[in-house]
Ligand code: NAD
């Protein structure tokens, strides 16, 4: 019988949040209250749930959250004005713009307007570029969470062959960059890749970020592979609505050494790393302000 490990994202996220809570307490001792501004434009039901969960988690770890709910007819200029005021507000350390935005809003302009130091989602081109250069930047939360799970499961990732299925800016591309930084050999597959199964079957590590329910079954996997399933797909199962991943979980179990479930795998890690990024942003901003004031002192004396 094949033995496999279920990678418990809830437990891993709880461990990350314990450390975040300690970091928040240390910052508070220095009179710094980490704060996250969350902007939600329009009434998309899934986005409302995501925003509520993020705010709840922030409160649990002692991060102050400030919610800005804007109506669907908000213009790009109005959104940019709000972002500018949050950039200028020294009491706010992280700005999260919940996606997707209504179609009439210029998403790229809005994301680029966020101060890169407060860009806790890691979507600003300054942070995207920094990540691909291997610099320490605020990296996107979902792939950061996946990397953490892999490090906990596999230990040393050096020299492993990782296949990332999907090339989105939010998951696939930053995931590939993080795995390269961890010294993996990385293959990225996408909708135009011919015969993706054959390439995937060579992988020690598979990260599925496609958005197709149960696309990846045992025939895509090498025996002993470690699988991280990022997909969240709502399907109708005999009249019951439920969430499944991009991996056919039951079929994959016959091949894998370890796998994340859906739900309970990557999902909790995304929020945990949002909290971690907010605390990192608060710490970085505090240190930058301190060096600035030290520089002023030196110039006075
Ligand atoms: P996306 O639609 O932006 O990108 C999907 C990618 O899959 C594309 O790059 C496309 O080329 C590739 N693709 C499509 N069909 C393919 C095929 N047959 N073979 C190989 N590649 C194929 O999606 P996304 O934003 O990257 O999200 C992917 C999935 O991850 C979705 O289910 C989404 O809901 C989920 N997601 C989960 C979290 C989380 O916190 N767990 C966070 C973000 C996204």
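Values quoted throughout were computed directly from the atomic coordinates according to the rules given, and no laboratory measurement underlies them. Just so it is clear, the structure is predicted and the values come from calculations on it, not from any experiment. Positions of Cβ are generated from backbone atoms using ideal geometry, with glycine treated the same way; all protein chains shown enter the neighbour counts.
Tabulated values for the structure
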item: Helix 172-181 vs. the chain, principal-axis angle (Cα, 0 to 90°, nearest 10); result: 90 degrees
item: P(r) of the chain over all Cα-Cα pairs, binned every 10 Å from zero, in whole percent; result: 6, 26, 33, 23, 10, 2, 1, 0
item: Length added when fully stretched, residue 22-residue 169, from 0.36 nm per residue minus Cα-Cα; result: 49.8 nm
item: The range 218-301: C-alpha gyration tensor shape, a/c 1.5 cut-off, then a/b vs b/c; result: prolate
item: GNM top mover of 40, 274, 138 - the chain, alpha-carbon springs below 10 Å; result: 40
item: In degrees, nearest ten, helix 9-29 long axis to first principal axis of the chain (Cα); result: 10 degrees
item: Listed peptides 139-146, 214-221 by packing density, highest first (mean Cβ within 10 Å); result: 139-146, 214-221
item: Packing-based ranking, highest mean first, of 29-35, 103-109 given that Cβ atoms within 10 Å are counted; result: 29-35, 103-109
item: Whether the range 1-108 is rounded, prolate or oblate, judged on the alpha carbon gyration tensor where a/c under 1.5 counts as rounded; result: oblate
item: Pairwise label distance in nanometres, residue 125 with residue 251, each label 7 Å out on the Cα-Cβ vector; result: 4.1 nm
item: Folded to 0 to 90 degrees: helix 141-154 orientation relative to the chain principal axis, Cα; result: 50 degrees
item: Among 257, 46, 203, residue whose mean-square fluctuation peaks in a GNM of the chain (springs only between Cα atoms under 10 Å); result: 46
item: Over the range 141-267, relative contact order from alpha-carbon pairs under 8 Å, at least 6 apart, %; result: 22 percent
item: The range 98-168: C-alpha gyration tensor shape, a/c 1.5 cut-off, then a/b vs b/c; result: prolate
item: Nitroxide proxy distance, nm - points 7 Å out along Cα→Cβ at residue 31 and residue 193; result: 5.3 nm
item: Helical contribution to [θ] at 222 nm, DSSP H n ≥ 4, -39,500 (n - 2.57), averaged over the chain, rounded to 500; result: -14000 deg cm²/dmol
item: Relative packing of 79-91, 13-25, which averages over residues the other C-beta atoms within 10 Å, highest first; result: 13-25, 79-91
